[in-house]
Each structure stands twice: as structure tokens, then as C-alpha cells.
Amino acid sequence: MASATPDPADTAVDTVLVVDFGAQYAQLIARRVREARVYSEIVPHSMPVSEMLAKNPKAIILSGGPSSVYEEGAPTVDRALFEAGVPVFGMCYGFQLMATTLGGVVDNSGAREYGRTPLAVSQTGSTLFEGTPAEQSVWMSHGDACSAAPEGFTVSASTSVVPVAAFENDAKRLYGVQYHPEVMHSTHGQQVLEHFLYRGAGLAPTWTTHNVVEEQVAAIRAQVGTKRAICGLSGGVDSAVAAALVQRAIGDQLTCVYVDHGLMRKGETEQVEKDFVAATGVKLKVVDAEERFLSALAGVTDPEEKRKIIGREFIRVFEQAQAEIIAEAGASGEPVEFLVQGTLYPDVVESGGGSGTANIKSHHNVGGLPEDLEFQLIEPLRKLFKDEVRMVGQELGLPEEIVQRQPFPGPGLGIRIVGEVTKDRLDLLRDADAIARAELTAAGLDREIWQCPVVLLADVRSVGVQGDGRTYGHPIVLRPVSSEDAMTADWSRLPYEVLEKISTRITNEVRDVNRVVVDVTSKPPGTIEWE
Ligand code: XMP
């Protein structure tokens, strides 16, 4: 399968390349550049300079990384990169590489700095620092230190430990800082980055999600022509925005398929069926497959087995729907040749350099489809970060409830019932989940928490007392977490009043539930979901 959606980088958009020297800084830098409304892309440090330059970048940023320039096998950079006339900004490791490559001195003297550090700016009117205070707080993370800048560079800042914490060469448009301006703890970091982009590199803040929509619409039209496309909708943000974008481009040449597996939360299917269609006018095929999924899940309690069954059934149902759409479309004479997917930029970057990790849970992305489908892919979001996808969704007029949705696992409530999944238990969990969601929203906490799984411990019972009578019911677990990327997470300290309200309402309003407990485990050691 080939992806033919043109990259923004292939078009006339001014692009900044972020050269990735490892760790996780590059993605953050790329996002910060885009927040400055300049388009950015990440490339690996192993890419030859000639290839980087062939992308016609308007500026290049060298990221930080975990290495020391003195380590054997540490990544290096070809001097040609600094001689191409393209403005360059080095950060942390990138700064040190720049220093050593251009003839400056970096000492391995044990002059370490980690964390928040005061920076003394000596050139407050410089390209990088104009308008920022002479004393500012920056985020440091380094073992080596630059003691002499390369010839032709002005030293513009230092710390008590590092004599050269920033240098600038306006004639060659080369700049560098020892610290991490992309990190929020660097109080003027974004301003310094913007100074590099606007003043150093002469770029204008013109890249917006509005442009993204226009470009993608034109590109998709050119790609699809008069043929047809299909898109699997999961109810999540990514597939919804991808579908809406393609719908904007090719109208009813697109058909969306939504498989209702009966494991959705309250109101979710209706949201797709009504709100999404109302906002986009998309042609939607809803497949009611609840019975099929529930009978396949009958008697199953093992989490991995549940995931496998849900994944397998999903693919079967989707293929059947697809065959029907192809048969219907066949009558019109235009083949169904394209499949829309909501792949995001982090997936693209990560699959380029991913190393094997232990299989903790076999994540099944409902909406993730078999490899052997004979389609060309349309992936209109493959250059965007999640928050940008949300902005594109807003631009396209999608309802807030869809655009701002928190992550929800593909297998749905199937992995939030500890024990066998039955219709009865699903209904009960749906009620409890709806109460928790409503109260969190009412308390204005939606943006503060990453997600809040609500889990039914169906195999556990405890004794309670309600209305003078003994009860023997199930516990509901609230699992509110804060996170950046779901790889690690902390439990959210929800206000007691909110917890109290949720607990009272759930025990009063949901049958067979007589206890509400809060999960106070971080990840690791716990995962976010219980199964
Ligand atoms: P865990 O439980 O592994 O979850 O800490 C991390 C994030 O992934 C979501 N999750 C899934 N998403 N299919 C999905 O599409 C899955 O099978 C799945 N399992 C977990 C989870 O909600 C959290 O955001």
C-alpha cells in the first residue's frame, strides 16, 4: 500500500527541519516551532546533509540528545550543514556539536548543570535575546560545557558554571544555546526560539491549521479524482477529523463506516450518527454488530483474549461493510480505491526509529485495519500533532464533544469490565461512566485530566447497607490520570467534593453498585486501563 497524499514539505510551505539527536526533545521542539506558526519537520541525525538541504529548509534546528560529544560513537554533524547559508540554531547537544565542529572549545570538565538554572544575558539586544531580561531562568541538562565560542561568534549569555551558554553569529545566521528553550521551565524559551525563527531566519508566522485544511483539501482532490474512498470511524478524534477533512474535499465520494460493537459509552454512537453527520454531511454506514461481539465475548474473562476477539470481529465486520459499499459503488462505475486513516505525526516519527518494547498489552486500535487490504491510503493528518488535529477539527466545524474527546481505547468498555462482558454489565458500567463524565465536565476538569477510565469489578462483591437493607453489590473504580503521552501517568488529585458527588450519585443511581473506589496508582507500576 502506498501513501500518495503529498507532504506539506513538497509544496511551497516554508519548512524548518529539526534534526533529532535522540531522546525526546525533537518532537517538543517541532511542536514549539509550529506554535510559532512556522511549519517544522523532524529528520534523523543520520540523514546526509545533502538530503536535508534537498528539502529546501528555510532553517535548521539541532536538537539536544543524551550523548556527550566526547563519547565514542556519539552522533556528529557534517560541517557542510553550517556552510550552506541556511540559518541554524543548536540547542544543548546540538549547541555543543556546533561549537566543536566550528572550532570552539567544549570541555569535559565535570561542570554539570541539571534542572532550573539562572542565566545571565550579556547581550540583551541580541538577535536571540532582545526584549528578554538580563537574568532569566533556563532548563539545563548537560555534563560538558563550552568554554570558548568559535571564531566570529558573540557570546550572549553565561551561567555561573558555563562561560558560553549562548552564542550568535548574525553574519552567518548561526545561533546556539546550551539550555533547552523548548521546555516550559525556560521562562523565555519560546521568545528566544521565535527570535531565531523571525529575526535570525527571517521567517514569518504564516503556518496555520486553516492553511493545512486548504492544502490537504486540494491535495486529496488531486489524488482521488472521481474515484471513491472509505473511512473507518471509531468515535475518536483522529478518525473523525481525517474523515471530515476528506469529506470536505470529495463530498459523497467518501463513505464512512462506523462499527457499533456495543462496547461504546453512553451517547457515543448517537454522537457519531447525529452530531458528526450533522456537522459534516458525511455519508455514513453504521453497522450494528452488538450481538455478534457480545456472543463472541461470552464466557471470556482473560484481557488479552478479549482484545483478540474484539480485533478479529472488528475486521470481519469492516470487511463485510466494505464489500457492500464496493458492490453499491460498482453500479456507479467508479471504483473504491482509497482508504482514509487518521495516522498522526508521532506515529510516523516513532515507527521510523522505534526499537522493540515488551508487549505489555496488545493494543488494538479499532479503526486499525488488516495489512493486506488492497487500497491506497489517504492519511491527511500524518504530519500533525494531536493538538493540531484538534484545531483542524475545530476549523472544520466539528462539535466540541468530538474534537476535545479524551483518549478511549479501541476495545471500549470490553476492557473496563474485570470479568465476563455481558450486556447487563455494560449497561451498568455505561450508567456509572456517564455520571463520572458529567460531573468531571461540570467541575471543569476535562482539560486537566488525561482520561478517567471507569471500571466495573464484575467479579468482586462487597457488603453494604442501603435504606436499612443489606446489599451485596459491585465496586466501581475511578481511574483519573494526568499524563503527557500515556507512556507514564500519575493519578490525578481530584477535589474531594467532586469525588463525593460522583460517589454519591453512582451508589444512588446505578443498580448493583454499592461502593466507589479511587485508584491512586501511578504508571508504572499500574497501567492506565485495568485490563
Ligand atoms: P495502558 O492501559 O496501556 O493505556 O496504560 C495507555 C493508553 O492506551 C489506551 N489503550 C488502548 N487504546 N486500544 C487502544 O486503542 C487498546 O487496546 C488500548 N489499551 C489501552 C488507554 O486508554 C490509554 O490512553
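The values are calculated or read from the model by the stated rules, or taken from the named source; none is laboratory data. A quick note: this is a predicted structure, and the numbers were derived from the prediction, not measured. Backbone-built Cβ (ideal geometry, glycine too); neighbour counts: all protein chains shown. Quick note on the areas: whole protein, heavy atoms, side chains included, nothing else; ligands and nucleic acids left out. Shrake-Rupley method; radii C 1.70, N 1.55, O 1.52, S 1.80 Å.
The table below gives the values:
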| read-out | value |
| --- | --- |
| At R0 = 30 Å, FRET efficiency that the Cβ-Cβ distance of residue 487 and residue 305 yields, to 0.05 | 0.75 |
| Listed residues 52, 412, 164: farthest to the positive end of the dipole of the chain (Cβ charges) | 412 |
| Partners for residue 55 among aspartates and glutamates (Cα-Cα distance below 17 Å; same-chain residues under 8 apart left out) | 7, 10, 14, 20, 41, 78, 83 |
| Heavy-atom surface of the stretch 416-518, accessible at 1.4 Å and reported per residue (Å²) | 50 |
| Sites residue 273 and residue 446 - FRET efficiency at Förster radius 30 Å, r taken between beta-carbons, to 0.05 | 0.85 |
| Fraction of accessible area attributable to carbon and sulfur, the chain (%, probe 1.4 Å) | 49 |
| Theoretical gain in end-to-end length, residue 394 to residue 461 [0.36 nm per residue, Cα-Cα removed] | 19.7 nm |
| Value in Å of the Kirkwood radius, where the stretch 1-152 supplies the Cα pairs that are averaged | 16.8 |
| Whole-angstrom gap from the stretch 457-486 to the stretch 82-111, using each part's C-alpha centre | 56 |
| Heavy-atom SASA rank of 52, 47, 487 (probe 1.4 Å, accessible area, largest first) | 487, 47, 52 |
| Relative intensity, log₁₀ I(q)/I(0), of the stretch 248-313 from a Debye sum that treats every alpha carbon as a point, q = 0.13, 0.18, 0.29 Å⁻¹ | -0.47, -0.75, -1.23 |
| Cα Rg, Dmax, the chain, angstrom units | 26.5, 85 |
| Inter-probe distance in nm under a simple model that places probes 7 Å from Cα toward Cβ, at residue 53 and residue 517 | 6.4 |
| Among 196-206, 139-149, the order from most to least packed when residues are scored by Cβ within 10 Å on average | 139-149, 196-206 |
| Spatially proximal lysines relative to residue 266 (Cα-Cα < 17 Å; intrachain offsets below 8 disregarded) | 274, 423 |
| Ratio Rg/Rh [Cα only; Rh per Kirkwood] for the stretch 416-518 | 0.98 |
| At 0.692 mPa s and 37 °C, Stokes diffusion of the stretch 209-403 via Kirkwood alpha-carbon radius, µm² per second | 187 |
| Contact order relative to length of the chain, as percent, for alpha carbon pairs under 8 angstrom and 6 or more apart | 11 |
| CD proxy at 222 nm, helix term only [per DSSP H run n ≥ 4: -39500 (n - 2.57); per residue of the chain; nearest 500] | -9000 deg cm²/dmol |
| Protection proxy ranking, peptides 380-391, 87-98, average beta carbon neighbours within 10 Å, highest first | 87-98, 380-391 |
| Added length on full extension, which subtracts the Cα-Cα distance from 0.36 nm per residue, residue 386 to residue 497 | 36.8 nm |
| Under 18 Å from residue 227, Cα to Cα: lysines that are on another chain or at least 8 residues apart | 283 |
| Sequence ranges 54-61, 25-32, ranked by mean other-Cβ count within 10 angstrom, highest first | 25-32, 54-61 |
| Where Rh is the Kirkwood radius over Cα pairs, Rg/Rh for the stretch 465-531 | 1.07 |
